[in-house]
Amino acid sequence: MPSEKSLPDLLRRLCELSVEHAYDPHRELEWPDSLPNEGVWMSVDLLSLYGTDCLEELTKEQLWKLSRYELANFFSLTVHGIRDLMQQVLSCIYNTGYEAESDYFHHFLDEENKHMWFFAEFCKRYAGKIYVTRKMQFPSFAEDDIQTFIAFAKILISEQIGDFYNMRMMRDESLPAIVQKLNRVHHEDEGRHIAMGRRLVREMYMRISEKYSEQRRREIVEYLRRYMEFFVSSFYNPGVYRDADLDDPYELRRTLIRHPARKKFHRQALRTTSRFFSIHDLDLEGAM
Amino acid sequence: MSTPTYFRSAGASVDSNIAEAGVDLKTIERLRSWIMAAKPQTIEIGLDTELINEGVLDSLLMVNFVLYIEELRGEEIPEALIHTHFFASLRVIYDTFFRS
């Protein structure tokens, strides 16, 4: 088994890869004037109704419409998530303790800024809007180091779940080419971000483990477990169901989140994340 | 009939204020019940209990709470009102989202 790179070596390599793969989305992405309303924009097996009777009851046209708004919701969630993580990284980029990571953080911010732009551009061009986030940010832990760890762990969780969706859609030839392309470009950059995120989260948690009681660590684990539930639940947006002309959108959301087939899907989407945390002594298996 | 806990915790003077203010008690009770079901509390939730500062609601519960408020009022909450300031207490929530 190859030995793990030292942190400086990993950072150097990630910076080199960022330079090698640098691109300008304003020049390189080709935006069609419109996308076809016939056919799906999001992989059917990623739709929030998939696996339930609710999906079977839709007409073909309703399914297509739902897929358009569900994709816009996924991209909107990504836009809001990127904004949050950029703020987190900006808040510590040249702080004491992050000297080694600063150069890499510049590449990270550059790439995330591009992602945020092209996902927002897609939503505005083809869905006519970015779905509003209902998230409100306020700290859940009083201790600064725990709060920072939580922030980076949340970034990692959201990136890994997003990547699960990206990997499915970048290979789905039933989707419009621009949808496949954006998912592919995002996935290719996220591989580096996830590698770094895992390293950061692991090292932060080692310090947290040494410093805090088992009780406090249990509270951290419980919070992150709830965050995973929260994140997966954000794919069930009543605003999407309303736009897709589905009845009783709030009740539909509740019904779907509890549905056994959906719970099975949640476990699939969270598998990589749960596995990562469990091997580092954070057992989040109970999520969803 | 016993007095609801959100009155008892705040005291009799607040009780009369509520009547004067014309608060719809059913709405308040629904909001309070939602919170209790989502996260059982060790404190009584009065009209002026600070929901965020006292840790009654955390950021993860807040999204579902916002959706519940939208469902109760029958329309989406505008983006400009998605701010902790407007969710500080049951009274603030009522005044912001339910008072016509």
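The values are calculated or read from the model by the stated rules, or taken from the named source; none is laboratory data. Treat the numbers as computed from the prediction; the structure is a model and nothing was measured. Every residue, glycine as well, gets a Cβ built from its backbone with ideal geometry; the counts of neighbours run over all protein chains shown.
The table that follows gives values for the structure above.
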| quantity | calculated |
| --- | --- |
| Subset of the range A:222-272 (residues that are surrounded by 16 or more Cβ atoms within 10 Å (Cβ to Cβ), within 10 Å of another protein chain (Cβ to nearest Cβ) and assigned to a loop (DSSP other than H, G, I, E, B)) | A:S234, A:Y236, A:N237 |
| Qualifying residue in the range A:4-11 (condition: closer than 26 Å to A:Y165 by Cα and acidic (D, E)) | no |
| Filtered residues of the range A:76-113 (kept if of a type in the set (A, V, I, L, M, F, W, C) and either assigned to a helix (DSSP H, G or I) or closer than 24 Å to A:V132 by Cα (or both)) | A:L77, A:V79, A:I82, A:L85, A:M86, A:V89, A:L90, A:C92, A:F105, A:F108, A:L109 |
| Some residue of the range A:155-163 being surrounded by 17 or more Cβ atoms within 10 Å (Cβ to Cβ), modelled with pLDDT of 95 or more and more than 30 Å from B:Y68 (Cβ to Cβ) | yes |
| So A:D110, is it touching a residue at least 12 places away in the same chain (Cβ under 8 Å), away from chain B (no Cβ under 11 Å) and surrounded by fewer than 21 Cβ atoms within 10 Å (Cβ to Cβ) | yes |
| Qualifying residue in the range A:63-70 (condition: farther than 14 Å from A:N183 by Cα, within 14 Å of another protein chain (Cβ to nearest Cβ) and of a type in the set (G, A, S)) | no |
| Which numbered condition A:V185 fails, given (1) under 30 Å from A:F118 (Cα atoms); (2) out of contact with any Ser or Thr (no Cβ under 7 Å at 6 or more places or on another chain); (3) of a type outside the set (G, A, S); (4) within 14 Å of chain B (Cβ to nearest Cβ) | (4) |
| Positions within the range B:47-68 being of a type outside the set (D, E), on the phi < 0 side of the Ramachandran plot and more than 7 Å from chain A (Cβ to nearest Cβ), in sequence order | B:L47, B:T49, B:L51, B:N53, B:V56, B:L57, B:L61, B:N64, B:F65, B:Y68 |
| Residues that are in contact with a helix residue (DSSP H, G or I) (Cβ under 9 Å, 6 or more places away or on another chain) and either facing another protein chain (nearest Cβ under 9 Å) or of a type in the set (F, W, Y) (or both), drawn from the range B:69-99 | B:E70, B:E71, B:E76, B:I77, B:I82, B:T84, B:F86, B:F87, B:Y94, B:F97, B:F98 |
| Pick from the range A:147-177, criterion within 14 Å of chain B (Cβ to nearest Cβ) and of a type in the set (A, V, I, L, M), ranking: farthest from B:I52 (Cα to Cα) | A:I157 |
| Matching residues, the range A:51-67, being outside any helix (DSSP H, G or I), more than 23 Å from A:Y126 (Cα to Cα) and not β-branched (V, I, T) | A:G51, A:E57 |
| Residue list for the range A:120-143, filter: outside any helix (DSSP H, G or I) and more than 7 Å from chain B (Cβ to nearest Cβ) | A:G128, A:K129, A:I130, A:Y131, A:T133, A:P139, A:F141, A:A142, A:E143 |
| Residues within the range A:21-54 that are more than 23 Å from the chain's Cα centre (by Cα), farther than 25 Å from A:V132 by Cβ and not polar (S, T, N, Q), tallied | 9 |
| Subset tally (residues that are in contact (Cβ under 8 Å) with a residue 24 or more places away in the chain and farther than 26 Å from B:V63 by Cβ) for the range A:209-232 | 3 |
| Flag for B:A88 being at pLDDT 95 or above, exposed (fewer than 14 other Cβ atoms within 10 Å of the Cβ), under 28 Å from A:F231 (Cα atoms) and not aromatic (F, W, Y) | no |
| Filter pass, A:P260 being at pLDDT 95 or above and either closer than 26 Å to A:L10 by Cβ or in contact with a Lys or Arg (Cβ under 6 Å, 6 or more places away or on another chain) (or both) | no |
| The range A:225-269, residues that are under 19 Å from the mean Cα position of the chain (by Cα) and of a type in the set (G, A, S) | A:S233, A:S234, A:A269 |
